[in-house]
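A short write-up of the structure that comes next.
The values are calculated or read from the model by the stated rules, or taken from the named source; none is laboratory data. Quick caveat, the model's predicted, so the values are computed rather than measured. Note that each Cβ is placed from the backbone with ideal geometry, even for glycine, and that neighbours are counted across all protein chains shown.
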């Protein structure tokens, strides 16, 4: 729903500072070099091993299993790039950026600079109409205001968006690749390392396409790419969609303080270590939004402090299961889509 909400009475401006002090005193903003070193080695080793298996298996339809594995590994590589973009891994911005460029541009073919700019705008204004790029998606409507202004085919499409959302995620990776290329050659876009990004993204494209079409037949290659990129998009979408979709949507002129703006628009997903690993720590979305530079490994401990603080200060804290989070996402899309005008 759309909302124009004013902060609760009291000294809310200092509440985030109070929470920050508790988090810092607990040492939760300290870097976790050993954790990230082990994760980078593990994910990188699995990625190299899977591409090696791809070459050794050769021209075979069994390569579709390789495509499935690579979709999962590409997403895990993307999570590392995400953490580097938030300065979670190193203290140095340059070191984080170099690691992010390697993981995003070279390893999985996405523009690190473009994505970080987009993602930072989302973090500054989560679920805020006119400011959050993640709820300004062509073809979809995330608020009744967006749906109410649609007519004709677009309205008919949005009315079905709850059913179409998951199938559309198969196109997410290809959309990210396309947006990356467009950003790199759209010179109005602000990219700090444009030449390096172009070189690394071009290298990825050449190596990826050469490997696929040298090892596989043309038909097998096309099917491999479709399966790999389609599942890559579904996995990425499954990691990001439950975090905000169906949560409070804010008007551009909302007066919420930082603490409430981040907490009330975010949803956590519980499920233990397996969900933590599968979703790259993004299931602790509330803690991540409050403290973007906090290392992923510390988010679980931070949750205890944040949840308690929210209870003490009367701030709603949303946490649910993965299954229920998806039910809420799809129900919200259905509800918003129902407001689109029928085709006559």
| said: With the requirement that a residue be over 14 Å from residue 126 (Cα atoms) and within 12 Å of the chain's Cα centre (by Cα), what does the stretch 280-295 give you? | reply: 280, 281, 282, 283
| remark: If we ask which residues in the stretch 149-191 are surrounded by 14 or more Cβ atoms within 10 Å (Cβ to Cβ) and part of a loop (DSSP other than H, G, I, E, B), their number turns out to be 5
| field | Given (1) in contact with a helix residue (DSSP H, G or I) (Cβ under 8 Å, 6 or more places away or on another chain); (2) more than 18 Å from residue 85 (Cβ to Cβ); (3) part of a helix (DSSP H, G or I), number of the condition residue 145 does not satisfy | value | (1)
| field | All positions within the stretch 327-344 that are part of a helix (DSSP H, G or I) and either at pLDDT below 90 or touching a helix residue (DSSP H, G or I) at 6+ places or on another chain (Cβ under 6 Å) (or both) | value | 329, 330, 333, 334, 336, 337
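This table checks each residue for (1) under 17 Å from the mean Cα position of the chain (by Cα); (2) surrounded by 15 or more Cβ atoms within 10 Å (Cβ to Cβ).
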position: 47; (1), (2): no, yes
position: 61; (1), (2): no, no
position: 90; (1), (2): no, yes
position: 105; (1), (2): yes, yes
position: 116; (1), (2): yes, yes
position: 130; (1), (2): no, no
position: 136; (1), (2): yes, no
| Count of residues meeting criterion [surrounded by fewer than 23 Cβ atoms within 10 Å (Cβ to Cβ) and in contact with a strand residue (DSSP E or B) (Cβ under 8 Å, 6 or more places away or on another chain)] in the stretch 230-247 | 0
| request: Restricting attention to helices (runs of 4 or more DSSP H) lying wholly within the stretch 60-140, give those where 1 or more residues are at pLDDT below 95 and in contact with a helix residue (DSSP H, G or I) (Cβ under 8 Å, 6 or more places away or on another chain). | output: 112-124
| Of all residues in the stretch 209-229 being under 22 Å from residue 169 (Cβ atoms) and surrounded by fewer than 16 Cβ atoms within 10 Å (Cβ to Cβ), the one that is nearest to the chain's Cα centre (by Cα) | 226
